[in-house]
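Following: one structure in structure tokens, then a few remarks.
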Amino acid sequence: MWAFFVTHRQFTTIITIAVVLLGFVSTIQIPKESNPDIAIPIVVISTPFPGANAVDVESFVTKPIEDAVLGLADIDEVTSSSSLGMSSVVVSFTIGVDAKEKRDSVQEVVDAISYKLPTDANDPNIARVSFDDRPIKVYALGGPYPLEQLNEFAKDLQADLERIPGVSRAPIVGGADREVRVLVSPQRLDQFDLSLSQVTMAISRANSNIPVGTIETANQEYSVRFEGRLTDPTQLNALPITSRGGAIITVSDVATVIDGYTTRNSASQLSLDGQPAAPSVTLQIVKSDEGNILDIVSAADIVFARARENDLPRDVNIEVVDDDAQFIKDDLRNLGVSGLQTSFIVFLLILVFLGWRESILASLTIPVTFLITFACLQFLGYTLNFLTLFSLILSLGILVDGSIVMTEGLHAHMQSSITPKQAALKTVREFSAPLIAGTLTTVFAFVPMLLSSGLIGEFIKSIPVTVSIVLFASLFVALALIPTFGMQLLSDRMAPSKHFQGFRRWAVAFGYNRVQHFFARAQQQREQMVKYMQDWYVASLSRFMNQPKRRKRLTRLLVVGFIISIALPVTGILQVDMFPATDLDRLYVDVTFPIGTPLEITMESMDRIESVLSEDDRITSYLMSSGAGSPLRGGSGGHVGSMVLNLVDRSKRPDSRDLVQELEGNLKPLIPLATVTVSQLSNGPDSALPIEILLKGPELETLEELARTFESELKTIPGARNVSTSIQETAGEFVFELDRAAIAQYGLSAFDVASELRTAAFGSKATTIATVTDDLDVVVKYRFNGNDDQGTKNRITIDQLASITIQTPGGDIPLSRFLSTHLTQSRASISHTDGDRVVRVTSSTAKDVTATSIFNEIRARMEHIEIPDGYTVTLGGQDESTQQSFADLYKAMIIGIFLIGALLVLQFNSYRQPLFILSSIPLSLIGVLPGLSLIGQPLSFPGMIGIVALAGIVVNNGIILVDRINENQYNHLQKSDAIREAAGARLRPILLTTITTIAGLLPLALTQPSWAPLGFAIIFGLLFATVLTLYVVPLLYQRFGETLSNQA
């Protein structure tokens, strides 16, 4: 098959050009995004229950919905949160099911029980979770302007951003929407014997625009429309409410109409380059499923640049707060730089060992292979995200192996007296079987990763797919393109063409002969160096083969080394950390007060934090928010605040992990009554905190007591940071108790009284005025606070609420006549897991402290904590995901080794020879585990991927070595002589592939902390495995291998 490409060189050339062009087109067109496109089968049911406390929400809304959805098929977990006025139920289905179909199933069962929900509750909103349903880039607009003006600037930009192809929406956060408030005086209402509901009804009925129908007159049909719509807020003042004694009572007689803005629930400020912080709003860009993140962000940057140039005032600052596209750009740059580095390293190494023509030939493998890979990925519907880029970077050191082996073989055969075409065909025949087997072994090491379960399994699915495509593409390049173009490129050395001879005569005058002489001499010295290395190695191997004591000593060393290596992670000497944190350029500060804390108090506290951080020259800019959590932790309400800190270049500051602990220690004393956390993004898909203890049981009081016990224990464990529980402190709640007999006497219902209270406290929407530019809500509410001219404050005393009058057939009666009031404790929220009440204790970890070490200490302390009957304790967080993910990888590795073994049995028709080769896999851990311990790297998920990759890589050298031994025996060499000859002949390709793989990964491991565990795992493992291949495999073959010399 592969000889076809050599014998049809013109056809191969056309195919190569076509593939390269297609690859370039695919590189441009393939969708790019930050995360893999995963259909997450998670459905969220949100049900507002205005005014209800957490216990009522749990009983009347959350529990009925939970009971309904728990009966659905394929349920993985159901969690819920019941808080003030809101029920949220999250239904997680098993990975692999149709997410849209499950969303429809949830809709059906919720609709079926909707009659059980309170009439005051809103209709449940059912939505499916998507990785794409989050901002890919966040811009902040700040400057010396009122928040309302900044909001108008943002709206102008919002319209342009939402017109960009691939943008789902561009929400504005922190701004204030225009709103019309009708502030009604209770005294004026009493004076005119009116109620608040009458004012609301009058406004609502006055704003209508209803088609009347059609009439026929003068032989023509005309449409008739009633024009009663309000078009301007000022029209509200003259609206009539009722008449008294022939006089019309208008809205302006009892209320003040204010054309203003909504009540501010949050506030943001932006600071650039050490300048004082100014008010700001943020614009978020959310892409659609098919959107290309790089194209969208590029178009968005153009929109902002155009606005800065033409529309926005010069003193409006624009700062990027968050940018997912930057991660993709960095990864693409890393891939490009790493590809160039590896190509250059391959060029230099083959230049030293083989020659300049061979180095050019082999170094072209990387770009051609990547172009083929991009075309295949686009054809299969994959996107270019950080995991596919991870896979490409992982493949850098592997994909050149086949081309190096083929180039070395072609080089060797070119030295004999055969034609270039014969040399190419002989190289293909000699190496096609071992290279195909070697490629399949590496593919078999990765393919079982497709069996990984859960979200992690779905998340990493693109790794084995991408690596397999790269390896098959590199195999095509090695067996089809290298010999085809190599026989032409290397043939000049043997028989220069007439054109080349003419060129050489012309070039003699420019010193060509001297250059040619230099290269000829270098080639001669190179061959002498290789010959010396081969002779030394064969002599060293012979000493082991001839001296049993040396072999026994080597065996003991390997056994002891293997036992010690395996013990390193078990004893904790080698730390285990799923996704270790790395040095990043952005930090997040979150401040949380007890629920009920006014926004003004939070703003004052954030100002104190800002006064410290604004003086820190390691911070280039920051966005400070009050009333909203950071993008990392989320949350909203007057009791939370956050800051996004952009740091200076890494060369001018400490490691961000050190800054996290330093800043947290400095900021916590500033606000002792609040919880202050400083954090950075995780390197993995799991958003769970490193430490999570899940307590489950029936009684909230007992759960809270257990939670505080675990919290106190966790705080005493070194390395545990930001220990907290899901128990949220509140200021309590006022409870109005109704005298039902009293309201019956006045002809009222409980609904009448509750509605009057709600309108008094929060106001009610009367209508919407459609203007040319906006739709304005008209909100009617009491005016209690005389100092609040805009009606934006909601400071009402309980006595003021009770003093409100309500219209009855017997006249206006104060609500205090029907109500009694008392203050009680309340819970901010109640959480469930699979229908049971739960409380969580969580913690992050200090730098260089892993979650596993803390969990080990927790397990030891749990022996002294009494757990009541009916209550359970589950250790979760990253520990749970770590155990599952490592278990899946172990399973994948075992299956991969089995598949590799089966392939080797098929190739060599032997049970023993595959065992010789496979011995390199477990023994390579002697290099991996101590190596990671030595440089202080944990055994992480990327490191485990490196170990899985090793299983396929380390056997390749053994395959070509054993294949040569067998060939020598078939050529009637004695077994010992066959081993020595094969060892010497295969030394150069084995060293070349090992050195290029290590050299290709070493710059990446040293300069990119995210890839360091992966790179070093392969480097250390391959170094040791190469020694095993060069010594252990030949020795095993000598001791246990078959004698094949009598087989023809």
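The values are calculated or read from the model by the stated rules, or taken from the named source; none is laboratory data. Every value quoted in this text rests on a predicted model; they were computed, and no experiment measured them. Because the Cβ atoms are built from the backbone with ideal geometry, glycine has one as well, and the counts that use them run over all protein chains shown.
When segment 934-954 is filtered for residues that are touching a Pro at 6+ places or on another chain (Cβ under 9 Å) and in a helix (DSSP H, G or I), the ones remaining, listed by number, are 941, 942, 943, 944, 945, 946, 948. Please specify each residue of segment 102-119 satisfying the condition of being among the polar types (S, T, N, Q) and assigned to a helix (DSSP H, G or I). Once the filter is applied, which keeps residues that are among the polar types (S, T, N, Q) and assigned to a helix (DSSP H, G or I), segment 102-119 yields 105, 107, 114. Within segment 798-827, take every residue that is in a strand (DSSP E or B) and not polar (S, T, N, Q) and give me the one that is surrounded by the most Cβ atoms within 10 Å (Cβ to Cβ). Out of the qualifying residues, it is 806. Residue 160 falls short on exactly one of the conditions (1) assigned to a helix (DSSP H, G or I); (2) charged (D, E, K, R); (3) surrounded by fewer than 17 Cβ atoms within 10 Å (Cβ to Cβ), and that condition is (3).
How many of the residues making up segment 567-598 are assigned to a helix (DSSP H, G or I) and touching a Ser or Thr at 6+ places or on another chain (Cβ under 8 Å)?
If we filter segment 567-598 for residues that are assigned to a helix (DSSP H, G or I), which is where we start, we get 567-571.
Filter once more, keeping what is touching a Ser or Thr at 6+ places or on another chain (Cβ under 8 Å): 568.
Qualifying residue count, segment 567-598: 1.
Of the residues 116, 100, the single one that is touching a residue at least 24 places away in the same chain (Cβ under 8 Å), more than 25 Å from residue 293 (Cα to Cα) and either outside the structural domain of residue 47 (by TED's automatic domain parsing) or surrounded by fewer than 16 Cβ atoms within 10 Å (Cβ to Cβ) (or both) is 116.
crowded, with 19+ Cβ neighbours inside 10 Å and under 25 Å from residue 999 (Cβ atoms): is that true of residue 408 in this structure? Steps first, please.
On the way: crowded, with 19+ Cβ neighbours inside 10 Å: yes; under 25 Å from residue 999 (Cβ atoms): yes.
Spelling it out, residue 408 is indeed crowded, with 19+ Cβ neighbours inside 10 Å and under 25 Å from residue 999 (Cβ atoms).
Residue pairs whose Cβ atoms lie under 6 Å apart, sitting 6 or more positions apart in sequence or on different chains, and linking a residue in segment 739-750 that is modelled with pLDDT under 80 to a partner that is in a loop (DSSP other than H, G, I, E, B) and among the β-branched types (Val, Ile, Thr), do not occur here.
Within segment 154-171, does at least one residue satisfy the condition of being within 18 Å of residue 627 (Cα to Cα) and among the aliphatic types (A, V, I, L, M)? Among the residues of segment 154-171, not one is within 18 Å of residue 627 (Cα to Cα) and among the aliphatic types (A, V, I, L, M), which makes the answer no.
Does segment 904-917 contain any residue that is in a helix (DSSP H, G or I), under 32 Å from the mean Cα position of the chain (by Cα) and not polar (S, T, N, Q)? Explain how you work it out, then say what you get.
Start the filter on segment 904-917 by keeping residues that are in a helix (DSSP H, G or I), which leaves 904-908, 912-917.
Of the ones still in play, those that are also under 32 Å from the mean Cα position of the chain (by Cα) are none.
The answer is no, given that none of the residues of segment 904-917 is in a helix (DSSP H, G or I), under 32 Å from the mean Cα position of the chain (by Cα) and not polar (S, T, N, Q).
With respect to residue 299, is the statement that it is of a type in the set (Gly, Ala, Ser), surrounded by 11 or more Cβ atoms within 10 Å (Cβ to Cβ) and touching a helix residue (DSSP H, G or I) at 6+ places or on another chain (Cβ under 7 Å) true? Considered against the rule, which asks whether it is of a type in the set (Gly, Ala, Ser), surrounded by 11 or more Cβ atoms within 10 Å (Cβ to Cβ) and touching a helix residue (DSSP H, G or I) at 6+ places or on another chain (Cβ under 7 Å), residue 299 comes out as no.
Matching residues to (1) modelled with pLDDT of 85 or more; (2) closer than 30 Å to residue 27 by Cα:
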position: 270; (1), (2): no, no
position: 273; (1), (2): no, no
position: 279; (1), (2): no, no
position: 289; (1), (2): no, yes
position: 303; (1), (2): yes, yes
position: 309; (1), (2): yes, no
position: 316; (1), (2): yes, no
position: 322; (1), (2): no, yes
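Filtering segment 207-251 to residues that are polar (S, T, N, Q) and either surrounded by 14 or more Cβ atoms within 10 Å (Cβ to Cβ) or in a strand (DSSP E or B) (or both) leaves 207, 208, 209, 214, 217, 220, 223, 235, 237, 242, 243, 250. Have a look at 703, 694, 663, 673 and point out the one that is among the hydrophobic types (A, V, I, L, M, F, W, C), outside the structural domain of residue 805 (by TED's automatic domain parsing) and part of a strand (DSSP E or B). Answer to the selection: 694. One residue alone among 113, 164, 95 is closer than 19 Å to residue 297 by Cβ, in contact with a helix residue (DSSP H, G or I) (Cβ under 8 Å, 6 or more places away or on another chain) and of a type in the set (A, V, I, L, M), and that residue is 164.
Of all residues in segment 163-197, those that are of a type outside the set (Gly, Ala, Ser) and surrounded by 17 or more Cβ atoms within 10 Å (Cβ to Cβ) total 15.
I need the full set of residues from segment 587-617 which are in contact with a Leu (Cβ under 6 Å, 6 or more places away or on another chain), under 22 Å from residue 322 (Cα atoms) and not aromatic (Phe, Trp, Tyr), in order please.
The answer is 587, 609.
If I filter segment 252-266 down to residues being assigned to a strand (DSSP E or B) and hydrophobic (A, V, I, L, M, F, W, C), which single residue comes out as surrounded by the most Cβ atoms within 10 Å (Cβ to Cβ)? Lay out the reasoning, then the answer.
Step one: list which residues in segment 252-266 are assigned to a strand (DSSP E or B), which gives 255-261.
This time we only want the ones that are hydrophobic (A, V, I, L, M, F, W, C), so: 255, 257-258.
On the way: 255: 25, 257: 19, 258: 18.
Going through the qualifying residues, I end up with 255.
Any residue that is surrounded by fewer than 22 Cβ atoms within 10 Å (Cβ to Cβ) and closer than 19 Å to residue 412 by Cα - is there at least one of those in segment 991-1009? Within segment 991-1009, one or more residues are surrounded by fewer than 22 Cβ atoms within 10 Å (Cβ to Cβ) and closer than 19 Å to residue 412 by Cα.
Test residue 886 against the stated conditions and say whether it is more than 30 Å from residue 990 (Cα to Cα) and surrounded by 20 or more Cβ atoms within 10 Å (Cβ to Cβ).
Details: more than 30 Å from residue 990 (Cα to Cα): yes; surrounded by 20 or more Cβ atoms within 10 Å (Cβ to Cβ): no.
No.
Exactly one residue out of 630, 626 is surrounded by 16 or more Cβ atoms within 10 Å (Cβ to Cβ), part of a loop (DSSP other than H, G, I, E, B) and among the hydroxyl-bearing types (Ser, Thr, Tyr): that is 630. The residues on offer are 983, 1005, 999, and the sole one that is touching a Phe, Trp or Tyr at 6+ places or on another chain (Cβ under 6 Å) and under 25 Å from residue 350 (Cα atoms) is 1005.
Listed conditions (1) outside any helix (DSSP H, G or I); (2) free of Cβ contacts under 8 Å to residues at least 60 places away in the same chain; (3) surrounded by 14 or more Cβ atoms within 10 Å (Cβ to Cβ) are all met by residue 601, apart from (1). Here is the figure for segment 26-56: residues that are at pLDDT 75 or above and under 30 Å from residue 84 (Cβ atoms) total 14.
The rows are residues; the columns are (1) assigned by TED's automatic domain parsing to the domain that holds residue 1039; (2) in contact with a Phe, Trp or Tyr (Cβ under 9 Å, 6 or more places away or on another chain); (3) surrounded by 16 or more Cβ atoms within 10 Å (Cβ to Cβ); (4) modelled with pLDDT of 70 or more.
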position: 464; (1), (2), (3), (4): no, yes, yes, yes
position: 481; (1), (2), (3), (4): no, yes, yes, yes
position: 503; (1), (2), (3), (4): no, yes, no, no
position: 510; (1), (2), (3), (4): no, no, no, no
position: 515; (1), (2), (3), (4): no, no, no, no
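For segment 352-367, the tally of residues that are β-branched (Val, Ile, Thr) and either surrounded by fewer than 21 Cβ atoms within 10 Å (Cβ to Cβ) or modelled with pLDDT under 75 (or both) stands at 2.
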